[in-house]
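Everything on this sheet refers to the single structure shown next.
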Amino acid sequence: MISARPEKISIIVATGSDRAIGRNGDLAFHIRADLRNFKRITMGRPVIMGRKTFESLPNGALPGRRNIVITRNAAYSPIGAETAGSLEEALRLTGGVEEAMIIGGGMIYEEAMPLADTLYITEIDATLPDADTFFPEIGPQWTLAEASEPQTDETSGLSYRFTRLERKS
């Protein structure tokens with residue numbers, strides 16, 4: 001059981017219409033506005049991620065955020081980040097903060113879903129046939145709290161919208 005935890009646990013993700021989030025260790029979709037939105041929401045908050053997600057970051061640890069990497073390898077020592085042996089340990093490390101952000105990957109999202117209070121989802125109107133990582137199913141315990149109007153990425157032509165879902169009380 002988690003003895004100390006943040007006041008709020010949030011998940012942030014960009015998914016295709018088939019729930020695709022990744023392919024070959026990289027993001028499924030690259031939309032500049034999504035990356036800006038991710039930075040805006042996570043800045044100043046601790047970000048919790050799996051080792052593969054951390055290693056996929058192009059410039060290492062995310063600046064302006066406390067980076068916590070979940071790994072079973074006790075000897076793993078990433079530059080600019082702390083490590084935790086489990087999601088529960090990572091959450092204990094963030095105990096007392098207002099909001100901790102779960103940023104991936106697929107296995108961490110799956111484990112965090114029952115604990116999450118809020119989901120920040122960039123819904124991308126596209127599928128990725130060769131995706132190998134997917135976001136878990138979103139059940140009826142979630143309600144749409146906010147959604148942007150659909151937008152189109154100028155570079156890729158992909159249509160997307162930003163949403164925020166809250167767990168029903």
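Under a point-charge model restricted to the Cβ atoms of Lys and Arg (+1) and Asp and Glu (-1), what is the dipole moment magnitude of the chain relative to its Cα centre, in debye to the nearest 20?
Numbers: 19 positive and 23 negative charges, 105 e Å.
The dipole magnitude comes to about 500 debye.
For segment 130-169, what is the Kirkwood hydrodynamic radius in Å, using each pair of distinct C-alpha atoms?
Numbers: mean 1/r = 0.0800 Å⁻¹.
Answer for segment 130-169: a Kirkwood hydrodynamic radius of 12.5 Å.
So, how do all the Cα-to-Cα distances of the chain break down into 5 Å bins, in percent, from 0 on up?
Each 5 Å bin holds this share of Cα pairs: 1, 9, 18, 22, 22, 16, 8, 3, 1, 0.
For the chain, give the percent of accessible area contributed by carbon and sulfur heavy atoms, probe 1.4 Å, rounded to a whole number.
Values: 4560 of 9160 Å².
Carbon-and-sulfur percentage of accessible area, whole number: 50.
Nearest 5 is fine: what % of DSSP beta bridges in the chain come out antiparallel, could you say? Walk me through the intermediate numbers first.
Values: 18 of 39 bridges.
Counting only bridges with both partners in the chain, antiparallel ones make up about 45 percent.
Roughly what angle does helix 32-42 make with the longest principal axis of the chain, taking Cα atoms, 0 to 90 degrees, to the nearest 10?
30 degrees
log₁₀ I(q)/I(0) of segment 82-149 at q = 0.17, 0.22 Å⁻¹, via Debye over equal Cα point scatterers, no solvent, to two decimals?
Those come out to -0.79, -1.16, one per q.
Could you identify which residue out of 78, 58, 136 has the top mean-square fluctuation in a GNM of the chain using Cα springs shorter than 10 Å?
58
Exposed loop GluC sites (Glu not before Pro) only (DSSP loop, at most 14 other Cβ atoms within 10 Å): please give the longest stretch of the chain free of them, not including the sites.
8-97
The values are calculated or read from the model by the stated rules, or taken from the named source; none is laboratory data. Remember, predicted model here, so these are calculated numbers, not experimental data. With ideal geometry, Cβ positions are generated from the backbone for all residues, glycine too; neighbour counts draw on all protein chains shown. These accessible areas exclude ligands, DNA and RNA; they are computed on the full protein's heavy atoms, side chains included. Shrake-Rupley method; radii C 1.70, N 1.55, O 1.52, S 1.80 Å.
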